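Enquirer: Got a structure for you, questions after.
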Amino acid sequence: MELSLNVVVHFGRFPLQCRTSQARPMPAETGLGSSQPIFPTAIFRLPKTSFHPKKFHRRIHYLVVLTLVIAFTSSLLPPHPTPTSTSSPPMGSDELFFKAARANLGLFSFSSSLQQLPRMGKAVVGMGVVCAAAACAVAVLIARRRMQNNGRWARTEEILREFEEKCASPIGKLRQVADAITVEMHAGLASEGGSKLKMILSHVDSLPTGNEKGSFYALDLGGTNFRVMRVLLGGKEACVIKQECKEVAIPPHLMVGTSDELFDFIAEELAKFVSTESDDFHASIGRQRELGFTFSFPVRQNSIASGTIIKWTKGFFIEDAIGADVVVELTKAIKRQGLDMHVGALVNDTIGTLAGGRYYNNDVVAAVILGTGTNAAYVERAQAIPKWNGLLPKSGEMVINVEWGSFRSSHLPLTEYDHALDVESLNPGEQVFEKLISGMYLGDIVRRVLCRMAEEVAFFGDTTPVKLKTPFILRTPDIAAMHHDTSPDLRVVGSKLKNILDISSTSLKKRQVIVELCDIVATRGARLAAAGIIGILKKIGRDTVRVDDKQKTVIAMDGGLFEHYTKFSQCLVSTLNELLGEEASKNIVIELANDGSGIGAALLAASHSQLP
């Protein structure tokens, strides 16, 4: 008789098998011929769907090695002596074990006819027990891991669905947001400080018409870089004949230095730029060069060419400039450089975009910036501004700087992640609307949700990636790239996770979760931005169809978020059409005004020129 120990490990559809055998005489009482082998068999089945092969290959290797060791050791055992008696020997502990083990135990089953055989060597039986125990232990481990994974995925899905529900922006809620913005606009125009919206009077009462001629300069200061630009205007026939631009980085120490140091540096670079102008841009003899100044920091506007600095943002803090007139500070620095130049207009980037849009299209009535930050401006009837105390402008209109980033309302779909971001920001309780829709914050909202998944359900492994805890490490251009990823394996998502967060080897299923998360955040932001535009259109009466009025209403848009995040901009436009309805939406046009803020300042200097 041949006595064998057969161990089979089933890995999905692939069995790993090892058999050990010894030649054993078969007693006649068994009723079995000597040619029939006996196979005590340990079988362990690992369902294919219980785990990912790559993740658990080490455990399988351990089990196989253990099996091979047992097989090799048992093969070295000497043959069992032939029994001398034909009577059935007393049942020993080995037979008792195998008899008891015949019962099917679910994941592990062991069966044999060894109770009919003489006692097997204790070493062989012991090794069989060890193998069976190892198989059972691994089976329990895998089963437990499978249950944990199922529970983790269920919790991941729960976190995602909860976030999606709280970010929901159905049409009814968007209409409430639009109505609330309109109400706040009315209140802000009625009195200073009477609204969540500042509704700043820009003193711009004359927008470019396209008739402007001559050469004009622009200075755009709004961050760590500033731009100087010159344009040559040719009137209705030629519009912008020529334009030139130069960008300059501001040394970090000047961002926290003194007012004279900063503006002297700016004026010096401006003088260098002027020195390179060609004959086309030369001003006529006796005529000053004119400059429009885009200053994208909070100011209290006193006139078209005057405004006092309220505070610095974006990493600047120049204490002695707070409360000073920014145009006066720049003019003094220009004179120290020996330049003969007049600052004819002080505007922010949104008003510059509106001016640039109106120059090319007379139907432009509002402008929206959707970039790192966000804001809106529009043209208001002067008679609809109760807080205006001066003489009514000849044009009968005034451009209003809405400062809609500061809008807040109980109708906004806020989540715990938004509250946490706000509390940890440099301006808690302020710019609530901006923190929901602008490029500065969208990426960090995604990061915060991923961080919770990592901490609660080990989404990226047993430990939370260190870089994932770093605020603003995930930027909006990064989530735009992941959101736009159409590759079958979402390789762009995997690349961003690896390069930015040091997270490697993520499954397709996890990458799909991340793409869906980006979609939730971007969709909420785009739909709320659309609601803000509707609020402005309602205020000026352009949100409905008017009989016999076929005039188009054009919104000039600028900013990298709108220009480069395609899914965001597409969602904004589709939501706008949904809110307006089919008929009214035919008269509303969204128009990209690329770099409108730069050229807009020069155009405003031209339209407000006091020189012949």
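The values are calculated or read from the model by the stated rules, or taken from the named source; none is laboratory data. Everything quoted here is computed from the prediction, not taken from an experiment. In this analysis, Cβ positions are derived from the backbone assuming ideal geometry, glycine residues included, and neighbour counts consider all displayed protein chains. SASA here: full protein model, heavy atoms, side chains in, ligands and nucleic acids out. Shrake-Rupley method; radii C 1.70, N 1.55, O 1.52, S 1.80 Å.
Enquirer: So, ASP325, is that one charged (D, E, K, R) and without any contact (Cβ under 8 Å) to a residue 40 or more places away in the chain or not?
Expert: yes
Enquirer: Residue check, ALA355 against (1) in contact (Cβ under 8 Å) with a residue 60 or more places away in the chain; (2) surrounded by fewer than 21 Cβ atoms within 10 Å (Cβ to Cβ); (3) touching a Pro at 6+ places or on another chain (Cβ under 6 Å), all met but one. Which one?
Expert: ALA355 satisfies all of (1) in contact (Cβ under 8 Å) with a residue 60 or more places away in the chain; (2) surrounded by fewer than 21 Cβ atoms within 10 Å (Cβ to Cβ); (3) touching a Pro at 6+ places or on another chain (Cβ under 6 Å) except (2).
Enquirer: Scan segment 240-261 and report the pairs whose first residue is among the charged types (D, E, K, R) and whose second residue is open to solvent by 70 Å² or more (accessible area, probe 1.4 Å), with Cβ atoms within less than 7 Å and a gap of 6+ or a chain change.
Expert: From residues that are among the charged types (D, E, K, R), the pairs are LYS242/ASP280.
Enquirer: Among the residues of segment 530-588, how many are touching an Asp or Glu at 6+ places or on another chain (Cβ under 8 Å), farther than 26 Å from LEU442 by Cα and β-branched (Val, Ile, Thr)?
Expert: Number of matching residues: 4.
Enquirer: In segment 371-424, what residues are surrounded by 16 or more Cβ atoms within 10 Å (Cβ to Cβ), of a type outside the set (Phe, Trp, Tyr), in contact with a Lys or Arg (Cβ under 7 Å, 6 or more places away or on another chain) and over 28 Å from LEU592 (Cβ atoms)?
Expert: Those that are surrounded by 16 or more Cβ atoms within 10 Å (Cβ to Cβ), of a type outside the set (Phe, Trp, Tyr), in contact with a Lys or Arg (Cβ under 7 Å, 6 or more places away or on another chain) and over 28 Å from LEU592 (Cβ atoms): ARG408, HIS411, THR415, ASP418, LEU421, ASP422.
Enquirer: Pairs only if they're at least six apart or on different chains, beta carbon under 6 angstrom, first in segment 400-420 and within 14 Å of ALA168 (Cα to Cα), second in a loop (DSSP other than H, G, I, E, B) and modelled with pLDDT of 95 or more; list them, first residue then second.
Expert: PRO413/CYS167; PRO413/SER169
Enquirer: Pull up segment 280-304, narrow it to residues that are open to solvent by 30 Å² or more (accessible area, probe 1.4 Å) and either under 30 Å from MET199 (Cα atoms) or modelled with pLDDT of 85 or more (or both), then point me to the one that is nearest to the chain's Cα centre (by Cα).
Expert: Out of the qualifying residues, it is PRO298.
Enquirer: Out of curiosity, is CYS167 open to solvent by less than 10 Å² (accessible area, probe 1.4 Å) and at pLDDT below 85?
Expert: No.
Enquirer: Does PHE273 qualify as being in a loop (DSSP other than H, G, I, E, B), hydrophobic (A, V, I, L, M, F, W, C) and surrounded by 17 or more Cβ atoms within 10 Å (Cβ to Cβ)?
Expert: No.
This table checks each residue for (1) within 30 Å of HIS203 (Cα to Cα); (2) hydrophobic (A, V, I, L, M, F, W, C).
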| position | (1), (2) |
| --- | --- |
| GLU403 | yes, no |
| ARG408 | yes, no |
| GLN431 | yes, no |
| ILE437 | yes, yes |
| VAL446 | no, yes |
| ALA458 | no, yes |
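Enquirer: Of the numbered conditions (1) open to solvent by 20 Å² or more (accessible area, probe 1.4 Å); (2) part of a helix (DSSP H, G or I); (3) among the aliphatic types (A, V, I, L, M), ALA602 fails exactly one; give the number of that condition.
Expert: Result: ALA602 passes all but (1).
Enquirer: With the checklist (1) part of a strand (DSSP E or B); (2) surrounded by fewer than 16 Cβ atoms within 10 Å (Cβ to Cβ) in hand, flag the one item ILE555 doesn't pass.
Expert: (2)
Yes/no matrix, rows are residues, columns are (1) closer than 15 Å to LEU603 by Cβ; (2) surrounded by 19 or more Cβ atoms within 10 Å (Cβ to Cβ):
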{"site": "ILE171", "(1), (2)": "no, no"}
{"site": "ARG175", "(1), (2)": "no, no"}
{"site": "ASP179", "(1), (2)": "no, no"}
{"site": "LEU189", "(1), (2)": "no, yes"}
{"site": "ARG230", "(1), (2)": "yes, yes"}
{"site": "LYS236", "(1), (2)": "yes, no"}
{"site": "VAL240", "(1), (2)": "yes, no"}
{"site": "CYS245", "(1), (2)": "yes, no"}
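Enquirer: Going by the structure shown, is THR313 open to solvent by 30 Å² or more (accessible area, probe 1.4 Å) and under 39 Å from the mean Cα position of the chain (by Cα)?
Expert: Yes: the conditions hold for THR313.
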